[in-house]
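Asks: Below is the structure I would like to discuss, written out as structure tokens.
The values are calculated or read from the model by the stated rules, or taken from the named source; none is laboratory data. Bear in mind the structure is a predicted one, so any value in this text is a computation, not a measurement. Glycine gets a Cβ as well: all are built from the backbone with ideal geometry, and neighbour counts include every protein chain shown. Ligands, DNA and RNA are excluded from the accessible area calculation, which covers all protein heavy atoms including side chains. Shrake-Rupley method; radii C 1.70, N 1.55, O 1.52, S 1.80 Å.
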Amino acid sequence: MIYTSFSLGVGLLASAIRSGKSITGLSLNSEEFKLSQYADDTTCLVEDNSSTSNLFRKLDLFRLCLGLELNRSKTDRDIMVRYKQEQNRYSIW
């Protein structure tokens with residue numbers, strides 16, 4: 001029963017992130033990607049700081065409503081820099 005509740009909650013969260021207009025995902029070939037999920041791991045892909053803030057607001061709302069909370073000791077925040085836009089400003093690899 002607990003696993004079913006968790007799965008339902010994670011599915012609702014994924015749907016809310018995908019349909020959220022305030023969260024801009026990464027675009028590839030005119031298709032937008034906002035998240036990837038496998039088992040109990042979720043990876044969110046956001047375009048900018050505003051989207052990151054909106055994502056964390058949504059995660060906090062789900063924490064309050066469903067009790068689902070990030071395990072901060074297992075949470076990473078990786079920043080990918082768009083090579084074409086930043087190649088003159090940063091040395092990437």
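Asks: Express in nm, to one decimal, how much length is gained between Leu26 and Thr42 on full extension, taking 0.36 nm for each residue of separation and deducting their alpha carbon distance.
Replies: This chain segment gains 4.2 nm when fully extended.
Asks: So what is the accessible area of segment 3-76 per residue, in Å², with the probe set to 1.4 Å?
Replies: 73 Å²
Asks: What distance in nm separates the simple spin-label points at Phe6 and Ser73, each placed 7 Å from Cα in the Cβ direction?
Replies: 1.6 nm
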